[in-house]
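What follows is one structure encoded as structure tokens, with my remarks underneath.
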Amino acid sequence: MTSPAMNEARLHATVRGRVQGVGYRNFALQTARRLGVRGWVRNRIDGTVEVVAEGPRSVVEAFLEALRRGPAMAYVTAVETEWEAPQGEAAPFRVRGTV
């Protein structure tokens, strides 16, 4: 039997396309909170959106699928992903300032 902690996953994603000025961060925030994902989202000065998400692997994977779609006004061309060891991101999911 696996413990819940062993099922935890951490996703670090960079979202490319028309993802700023179209409600993408709010979409990520609302989706993450609905799914119970911990972490954050922020715009980057290069026009991408950066996302860190932690939670049960299956839930984080469902969140990733939503990130690939984005909100109605967005046009996602790529989502670069890195799976990392969980670091205990605090809840609730939040929006960080642009870097």
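For segment 80-90, the criterion of a residue being of a type in the set (A, V, I, L, M) and under 12 Å from the mean Cα position of the chain (by Cα) is satisfied by no position. Of everything in segment 17-45, what is of a type in the set (S, T, N, Q), crowded, with 17+ Cβ neighbours inside 10 Å and in contact (Cβ under 8 Å) with a residue 40 or more places away in the chain? Give them in sequence order. Passing the criteria: only N43. Scanning segment 56-94 for residues that are hydroxyl-bearing (S, T, Y) and in contact with a strand residue (DSSP E or B) (Cβ under 6 Å, 6 or more places away or on another chain), which turns out nearest to V41 (Cα to Cα)? Filtering first and then ranking leaves T81. Identification of strands (runs of 3 or more DSSP E) wholly contained in the chain with 2 or more residues that are at pLDDT 95 or above and of a type in the set (V, I, T) yields 8-18, 49-56, 75-84.
The values are calculated or read from the model by the stated rules, or taken from the named source; none is laboratory data. Just so we're clear, the structure is a prediction, and the values are computed from it rather than from any experiment. In this analysis, Cβ positions are derived from the backbone assuming ideal geometry, glycine residues included, and neighbour counts consider all displayed protein chains.
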